[in-house]
Amino acid sequence: MKLEINDKFTIGYFAKKHNKRIFRKGIWTDLSREWISKSGDKLLTYYDLDNQGYRTCLLYTSPSPRDKRQ
């Protein structure tokens, strides 16, 4: 899925900090990106609407679009 600036989405990933799979509401910004780490892991950096800050996640599912009303 190709995300554009201001697209809102829900993403799920395994959070090491919480030791479980979590879901977050996010928004794609000009600082968001999908990239490959030096160790070859696929990563996603996005703005987390739940925690009001940028996050980078590993082992994520493709972001699914959110209803524009949310």
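In the set (1) modelled with pLDDT of 95 or more; (2) open to solvent by 50 Å² or more (accessible area, probe 1.4 Å); (3) hydrophobic (A, V, I, L, M, F, W, C), residue 23 fails one condition alone, (1).
Scan the range 1-26 for residues that are touching a residue at least 60 places away in the same chain (Cβ under 8 Å) and either out of contact with any Gly (no Cβ under 8 Å at 6 or more places or on another chain) or among the small types (Gly, Ala, Ser) (or both) and jot them down.
Narrowing the range 1-26 to residues touching a residue at least 60 places away in the same chain (Cβ under 8 Å): 1, 3, 8.
Once the filter is applied, which keeps residues that are touching a residue at least 60 places away in the same chain (Cβ under 8 Å) and either out of contact with any Gly (no Cβ under 8 Å at 6 or more places or on another chain) or among the small types (Gly, Ala, Ser) (or both), the range 1-26 yields 1, 3.
If I ask for residues that are modelled with pLDDT under 85, within 16 Å of residue 16 (Cα to Cα) and open to solvent by less than 50 Å² (accessible area, probe 1.4 Å), which ones from the range 51-65 would you list? Of everything in the range 51-65, just one residue is modelled with pLDDT under 85, within 16 Å of residue 16 (Cα to Cα) and open to solvent by less than 50 Å² (accessible area, probe 1.4 Å), namely 60. Annotation note: Cβ proximity below 9 Å between a residue of the range 27-49 that is open to solvent by 100 Å² or more (accessible area, probe 1.4 Å) and a residue that is at pLDDT 95 or above and not in a strand (DSSP E or B) (sequence gap 6+ or interchain) occurs for 30/5.
The values are calculated or read from the model by the stated rules, or taken from the named source; none is laboratory data. Since we're looking at a predicted model, the values are computed, not measured. Every residue, glycine among them, receives a Cβ derived from its backbone with ideal geometry; neighbour counts consider all protein chains shown. Only protein heavy atoms, including side chains, enter the accessible area calculation; ligands, DNA and RNA are left aside. Shrake-Rupley method; radii C 1.70, N 1.55, O 1.52, S 1.80 Å.
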